[in-house]
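Nothing in this text is a laboratory measurement; each read-out follows from the coordinates by a stated rule. It should be emphasised that the depicted structure is a prediction, and the values quoted were computed from it without experimental measurement. Here the Cβ positions follow ideal geometry from the backbone for every residue, glycine too, while neighbour counts run over all protein chains shown.
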Amino acid sequence: MLNILTLGDDVLRKKCATIAIFDKKLEDLAVAMIDSMHANDGIGLAGPQVGVEKRLFVCHVPDDEPRIFINPDIIGTSQETLPYEEGCLSIPGVYSDVVRPKSITLQAWTLEGKPFKMEAEGLLARVIQHEMDHLKGVLFIDHLSEKKRQRVVSLYEKRQSKVS
Ligand code: NI
């Protein structure tokens with residue numbers, strides 16, 4: 001199982017590199033990421049969260065199959081935005097509303113190096129946007145007001161000190 005990095009780790013703040021080689025190693029990584037996401041009851045997991053500064057993420061929302069996105073880019077977003085309560089496996093135990101576009105159009109590559117385009121809405125659109133942020137070193141708490149962010153982070157730190 002892959003180790004999931006948590007808030008405070010520098011890798012979570014790195015801008016990820018484009019993937020150029022589509023090989024068995026990449027496939028093994030993506031499969032391990034899906035396993036780790038499932039093991040932690042997550043619905044999305046991005047490269048930097050497992051210490052890999054590369055542009056890939058996986059997600060699996062209810063009533064859907066596990067999905068793998070290599071070198072993804074959001075190429076369109078709806079005007080309409082929505083608040084939705086987000087959490088993150090790298091900031092476990094805390095949640096907060098984040099406002100994002102309701103639907104998106106995404107372009108990415110498969111594990112086989114084939115480009116594809118897709119539209120997403122609902123929870124899938126939400127997770128994709130959250131994971132895309134990870135590839136730029138952005139966390140969901142960065143979307144909150146300063147005051148709200150401080151509250152969420154201090155709650156997280158309190159929870160962590162209780163756990164360890
Ligand atoms: Ni996250």
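Per-structure values
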{"item": "Selection from the stretch 75-94 of residues that are within 16 Å of the ligand (Cβ to nearest atom) and either surrounded by fewer than 15 Cβ atoms within 10 Å (Cβ to Cβ) or part of a strand (DSSP E or B) (or both)", "result": "Tyr84, Glu85, Glu86, Gly93"}
{"item": "Residue count for the stretch 132-147, restricted to those that are under 25 Å from Ala17 (Cβ atoms), surrounded by 16 or more Cβ atoms within 10 Å (Cβ to Cβ) and out of contact with any Pro (no Cβ under 8 Å at 6 or more places or on another chain)", "result": "5"}
{"item": "Answer residue from the stretch 12-32, given it is among the charged types (D, E, K, R) and without any contact (Cβ under 8 Å) to a residue 60 or more places away in the chain and is nearest to Cys59 (Cα to Cα) among those", "result": "Asp28"}
{"item": "Residue, farthest from the ligand (Cβ to nearest atom), within the stretch 22-74, restricted to residues that are of a type in the set (Val, Ile, Thr) and in a helix (DSSP H, G or I)", "result": "Val31"}
{"item": "Subset of the stretch 85-129 (residues that are touching a strand residue (DSSP E or B) at 6+ places or on another chain (Cβ under 6 Å) and under 22 Å from Glu157 (Cα atoms))", "result": "Glu85, Glu86, Tyr95, Asp97, Val98"}
